[in-house]
Structures are given as C-alpha cells and as structure tokens.
C-alpha cells in the first residue's frame, strides 16, 4: 500500500481577520511521508493554518504547494486532501460504510469499487463488521477510526488531523496515538497534526512546529524541541520547566559555562550553550524536572526545601522551594528519595541538562 | 447503628409538577374542545331529510364543491413550495453567514407576522394595483406599455400568502439548520464534493426535519386563511375558507360551514399526523 508521499510547502502564508493579524507570514516545508505537528495554545494560529491548507480560508498572502502544484486558488474539493476533525464529523444520516465510501462516491467511482475500497479501509481500522451500523451506535474510539478510514479512502495526497484525539479519554487516546501513527507510516502519507497537547505532538510527529501568537517559534524533531527549547514559552509549553536567571561567571570544563544564579549567591549552575557566552551576560536557564537531581545540601547548585511530594504512578513529583527563588521548583524522580528529616536538600544538574533560553519573539 | 434515613434529595428535582398544566388544559377544554364538539354536532343535523352526513355528502360529491376543495389544496401546495423556495436560502444564509446580523434578519423575517393582516394585504393592493408602485415602475423603465392587472390575479394571492408564510418556513428550517454542524459540510468539501453536491448530500438531508415542519405549518395555515384570498384574489381564487366565510355572511348556512370547517380540520390533523410520523422516522439518528 505504500506509495511515494507528496511534499507540502507553505510559502509565506498569512491571514488577518477584521484587521487583526492571526497568522504572520509562515514558511513551512513538510517532506513526503512526514508527520508535522502544529503545536500551540488556542489562538496561536495553528487551526487557521490548517484551515488555509484545507481551503476553508483564503490566505491574504502566500501560496500552498502540494506536490509541486499550487493549490492556493483551488476549492477544498480539488486539493486531494483527507481530514479528520476533533468531533469526527461523521455524517449522521449515513451508515458507517456509506461514510467511508462518501469521498469515493464524490469522485465518481462505481458502487462495486466503492464497496470494495471502503471495506478495505474498514478492515485497516479493524471495524469491518460495523459496515452497516449507524454512526451513533459506535463508541468514540470507533467513530474516530471510521473518520480516519473515511479520510484515507480516497488515497489523498495530504492528511490533515485537527485535534483528532481530543475527545477521547486518556487510555484510548494513547492507544490511538500509536495506531494512527502506525497507519500514517504504513501509507507514507504526508500529514499535518494540529494539537494543543504536547504529549500527542511528541508521540506522534516527526517534527513539531511550536506556534504562538500567529507565528512559528521553533521547528524541530520532538527531542530537539523538548530538550533544546529556544524560548521560555517553548520550554514551558512542552512540559514543565524550572527556569533560573543568572549571570555568566566564567567558562567551565569541556565547553560548559558556569552561571551564577540570582537566587542564591553561592549557586553556580553549569550549562552548555550553542555559541560562546560573554562573561557577565544575563542568561535564563531552563532545566526539566526529570533532569534535576537531589543531593546533600552542601553538594547542590541550589539549596531547597521539599514542600510537597506527589506519587504520580510512574514517578514521584517533588515540589520544592528555594530561598531567593520565587517560583516553585519541580523535580520528577523514578524513586522515592531518602531525605534528611528537616527536608533540606541540594539540587544539581548536569551541564547538558540546562538550556540557555533566547529572548521571546 | 440507626437505620439509614431515606434521603429526600434523591427524588429528581423538578421546578413544576404536572398539576401546573391544569390551567391551560382547562382553558383549551372550554375554548377549544367544546366549540369543536359543538361544530361537529352542527355539521350533522339529526332530523333533516338528507341524513346525518348530508353536508359532507354535498361537499364531497357536488362537482363545484369538490373543485373548490381541490383548488384549496392546490393553492396551499403552491404557496408551500413557493415559501420553501424563498425561505430555505434565507434560513441558510441566516445560520451560516449572518453572524451577528442574525438577530436583525430574524426581526425582519418576523415583522410581517406582527402587522395586521388587513394592513399587510392592503399594502400589497396598493403596490400591485393598476396605478400602484409596481406598474408605475415597470412603465417608467419601459418594461411594459400598459399597466398589468396583477392585483386582481392569483399571482397577487400567492405573493400575499408567501409574504405571511415565509417566516414559518424560515424559522422552522433555521432552527434545524442551526443543529447541523458546519464541519459536516466542510468534511464533505474535503472529501471531494462541490458546493452543490455538499448541499444535496449533506445539508439538505440533514435539514429535512425543518423542511417537513415548515411545509406542514405553511400548508395548514394556507388552508385556513381567507383574508388574503378575499382581498387580493379578486374572485379569481375560491377556496374552502372563503366559502365558509360566504356561508356565514351571505347564505348563513351554518351547518354547511361547520362541515367545511371540519374537513379543513381533518386535513390539518392528517398533516400533523404525517409530520409526527416522518420526524419520528428521521429524528432518531441524531
């Protein structure tokens, strides 16, 4: 079933609604067979971008190129797209089979072909036995899979996923993430995933474009975006981040930099930086909770006190307070740490675990 | 341990009990059911020569009256279809495109219902008459050489009817269309359907409940309306409702009028029965 995927290029598309710029000129290249996530809070422009690709909105500037063909002026039905909506958007007046076959019918294929193809699609999502059922007889997860089968039945060039798993409960959502990903890989179909769920973006996509206020802040592989966030917004949107401000003190060993943290005069954290840092420069460091390590107080970069400990199933979450640091510090640990009776601990991190954040755009 | 006290709060909370319906039941019984029953008795005179069903026989066998009955249904049907054709686009526009102007459009749609039928009908007479605005305009633009007599034709009746009836159609359809998720239409577009086929395959079937309700309302109301026919028809259109009016005013044959009224009543009841049946069939999928 694998066929050569089709690349998608967004070339300077922008959009205003009623004088408000909701999407700044945006360039994105999505490679054939790639799954790109547009991740951001609501109102960041990710849905507008998707709607422009789908053809529901016309961009004010720029063009959309699917497989070398400029589709900017084409209506949605001429763009060879498949789309899955958050609420599944199944036609309530048609059976499951008719839903899946709808796109084929619109393309004028005959009844026998339609039945064969829609059966194959339903088999792919393991719902073949539900062909004649009414849509409302299916569970949320099943409806979701019917929507996917329907979107893929016409062998579209691009698959658009608009918060596709948002309405499912947590367990089902995690299962569907893998299933959707597997099908997408198998069909090698270029896909755009719009989501505000960082975990979904991290799990499912080849690359993530983090958006904020109508602009892409950072594009990269999930691990890049997670481990090397460029701004405070990105670091905090993709999970939890402990953010420290400080001043570069001196160059450390092996290319690391030593930063004096504002919180405590003795606190000297180490970090790597992509480019040399000038001594005396003000910097903002981000450290993920799972990268913080509890040590005896005198060995820590920063001294803190455990305020709360929460068991979260697969890990323990510590909430700590440090003198001179007004934000709570979070630390995730696989094991329960043995603490001194007064709850005083030192916190430290490896230089590669701290990221120097850039200024907000 | 004391036995658990039954919790009063477990009873479902209701603001009003069934007894709150009593006033309206009483009102309808006195002012609706009793007159209807009286009408039924009046239409079936016991001691007369033609028998109990005399008036009904006359109505359903005499060629003249059968013709009027058929014309009544024809007028209602044409007015219904015209209202549908005029009303659907308005309803669609209201729901899909009007946005914050929705309220304004609803106001203008409903406004004909708020003006007196006499005023409204005379307004049309003025507009459509030989020396009215329509003829003056058409003459000025040179589209016609002599004034039309549109005010005295059946077209005037249909214009007048549609004017009053379109609100029922628009409101019935728009309330159903509101529940049709716009994303279903977008889905159809992405799946390869053009605007027309999206409408035919998705929007239209999903708004069929509104169409049925609107059509039946308009049909039933047209069947019973006579002032529009009287004032705009110029005698060109003769319907059952007009005939009832004439029975009262000129011949004073109250029994016959009652029989005709009951026939209209039956038609209305059949229509609502049909609506109930249709909606129960299509309504479950939601």
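The values are calculated or read from the model by the stated rules, or taken from the named source; none is laboratory data. This one's a predicted model, so the numbers in the text were calculated from it and none came from an experiment. A quick note on method: Cβ atoms are made from the backbone with ideal geometry, for glycine too, and the neighbour counts reach across all protein chains shown.
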Task: Of all residues making up the stretch A:220-256, the number that are in contact with a helix residue (DSSP H, G or I) (Cβ under 8 Å, 6 or more places away or on another chain) and in a strand (DSSP E or B) - done: 2
Open item on the list: If I filter the stretch B:182-190 for residues that are more than 30 Å from residue B:64 (Cβ to Cβ) and in contact (Cβ under 8 Å) with a residue 24 or more places away in the chain, do I get at least one hit?
Closed with: yes
Open item on the list: I'd like the residue in the stretch A:44-64 that is within 13 Å of another protein chain (Cβ to nearest Cβ) and in a loop (DSSP other than H, G, I, E, B) and, out of all such residues, is surrounded by the most Cβ atoms within 10 Å (Cβ to Cβ).
Closed with: A:55
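Please verify whether residue A:31 is under 29 Å from residue A:238 (Cα atoms), surrounded by 16 or more Cβ atoms within 10 Å (Cβ to Cβ) and either in contact (Cβ under 8 Å) with a residue 24 or more places away in the chain or within 14 Å of chain B (Cβ to nearest Cβ) (or both), treating the condition exactly as stated.
no
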- [ ] Taking only the stretch A:87-96 into account, find how many residues are crowded, with 22+ Cβ neighbours inside 10 Å and more than 31 Å from the chain's Cα centre (by Cα).
- [x] 0
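Quickly run through the stretch A:65-78 and pick out the residues that are within 14 Å of another protein chain (Cβ to nearest Cβ) and either in a strand (DSSP E or B) or crowded, with 21+ Cβ neighbours inside 10 Å (or both). Lay out the reasoning, then the answer.
Within the stretch A:65-78, the first condition is being within 14 Å of another protein chain (Cβ to nearest Cβ), and the residues that meet it are A:66, A:71, A:74-78.
Selection gives A:66, A:71, A:76, A:77.
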Task: residue A:150 being within 25 Å of residue A:46 (Cβ to Cβ), in a helix (DSSP H, G or I) and either within 13 Å of chain B (Cβ to nearest Cβ) or touching a strand residue (DSSP E or B) at 6+ places or on another chain (Cβ under 6 Å) (or both) - done: yes
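So that you can scan it fast, the table gives a plain yes or no per residue for (1) at pLDDT 85 or above; (2) surrounded by 13 or more Cβ atoms within 10 Å (Cβ to Cβ); (3) touching a strand residue (DSSP E or B) at 6+ places or on another chain (Cβ under 9 Å):
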site	(1), (2), (3)
A:311	yes, no, yes
A:329	yes, yes, yes
A:333	yes, yes, yes
A:337	no, yes, yes
Open item on the list: Anything in the stretch A:153-179 that is within 20 Å of residue A:47 (Cβ to Cβ), more than 14 Å from the chain's Cα centre (by Cα) and within 12 Å of another protein chain (Cβ to nearest Cβ)? List them, or say none.
Closed with: A:156, A:158, A:159, A:160
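For the condition closer than 30 Å to residue B:238 by Cβ and at pLDDT 85 or above, what is the one hit in B:173, B:159, B:144?
Working: B:173 fails: closer than 30 Å to residue B:238 by Cβ; B:144 fails: at pLDDT 85 or above.
Checking each option against the conditions leaves just B:159.
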TODO: Could you grab me the full set of residues in the stretch A:14-28 that are surrounded by fewer than 22 Cβ atoms within 10 Å (Cβ to Cβ) and over 22 Å from residue A:69 (Cα atoms)?
DONE: A:16, A:17, A:18, A:19, A:20, A:21, A:22, A:24
TODO: Report the residue count in the stretch B:165-181 for those that are in contact (Cβ under 8 Å) with a residue 60 or more places away in the chain, farther than 12 Å from residue B:87 by Cβ and more than 14 Å from chain A (Cβ to nearest Cβ).
DONE: 1
- [ ] Restricting attention to the stretch B:112-132, report how many residues are farther than 19 Å from residue B:234 by Cβ and in contact with a helix residue (DSSP H, G or I) (Cβ under 9 Å, 6 or more places away or on another chain).
- [x] 3
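Before we move on, is residue A:142 surrounded by fewer than 23 Cβ atoms within 10 Å (Cβ to Cβ), within 12 Å of chain B (Cβ to nearest Cβ) and more than 16 Å from the chain's Cα centre (by Cα)? Outline the logic, then answer.
Values: surrounded by fewer than 23 Cβ atoms within 10 Å (Cβ to Cβ): yes; within 12 Å of chain B (Cβ to nearest Cβ): no; more than 16 Å from the chain's Cα centre (by Cα): yes.
Judged against the criteria, residue A:142 is not a match.
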Open item on the list: Can you tell me which condition residue A:118 does not meet? The list is (1) over 25 Å from the mean Cα position of the chain (by Cα); (2) in contact (Cβ under 8 Å) with a residue 40 or more places away in the chain; (3) closer than 19 Å to residue B:184 by Cβ, and all the others hold.
Closed with: (2)
- [ ] Sort out which residues of the stretch B:90-107 are more than 15 Å from residue B:165 (Cβ to Cβ) and within 18 Å of the chain's Cα centre (by Cα), and write them in order of number.
- [x] B:106
Open item on the list: I need the full set of residues from the stretch B:189-205 which are closer than 22 Å to residue A:51 by Cβ and facing chain A (nearest Cβ under 7 Å), in order please.
Closed with: B:189, B:190, B:191, B:192, B:193, B:194, B:197, B:202
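Of the residues A:89, A:109, which single one is over 20 Å from residue B:204 (Cα atoms), within 14 Å of another protein chain (Cβ to nearest Cβ), free of Cβ contacts under 8 Å to residues at least 60 places away in the same chain and not in a helix (DSSP H, G or I)? Walk me through how you get there before you give the answer.
Numbers: A:89 fails: over 20 Å from residue B:204 (Cα atoms).
It is A:109.
Based on this model, can you work out whether residue B:117 counts as under 17 Å from the mean Cα position of the chain (by Cα) and either under 28 Å from residue B:273 (Cα atoms) or away from chain A (no Cβ under 14 Å) (or both)? Spell out the reasoning first.
Working: under 17 Å from the mean Cα position of the chain (by Cα): yes; either under 28 Å from residue B:273 (Cα atoms) or away from chain A (no Cβ under 14 Å) (or both): yes.
In short, yes.
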Open item on the list: Please return the ranges of strands (runs of 3 or more DSSP E) entirely within the stretch A:278-328 where 1 or more residues are closer than 19 Å to residue A:338 by Cβ.
Closed with: A:293-295, A:302-311, A:316-322
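Could you tell me which of the residues B:40, B:73 is touching a residue at least 60 places away in the same chain (Cβ under 8 Å) and out of contact with any helix residue (DSSP H, G or I) (no Cβ under 7 Å at 6 or more places or on another chain)?
Details: B:40 fails: out of contact with any helix residue (DSSP H, G or I) (no Cβ under 7 Å at 6 or more places or on another chain).
Result: B:73 is the single residue among B:40, B:73 that is touching a residue at least 60 places away in the same chain (Cβ under 8 Å) and out of contact with any helix residue (DSSP H, G or I) (no Cβ under 7 Å at 6 or more places or on another chain).
Whether any residue in the stretch B:142-163 is within 14 Å of chain A (Cβ to nearest Cβ) and under 29 Å from residue B:212 (Cα atoms) is what I want to check. Let's see the steps before the verdict.
In the first step, residues of the stretch B:142-163 are kept if they are within 14 Å of chain A (Cβ to nearest Cβ); the result is none.
Within the stretch B:142-163, not a single residue is within 14 Å of chain A (Cβ to nearest Cβ) and under 29 Å from residue B:212 (Cα atoms).
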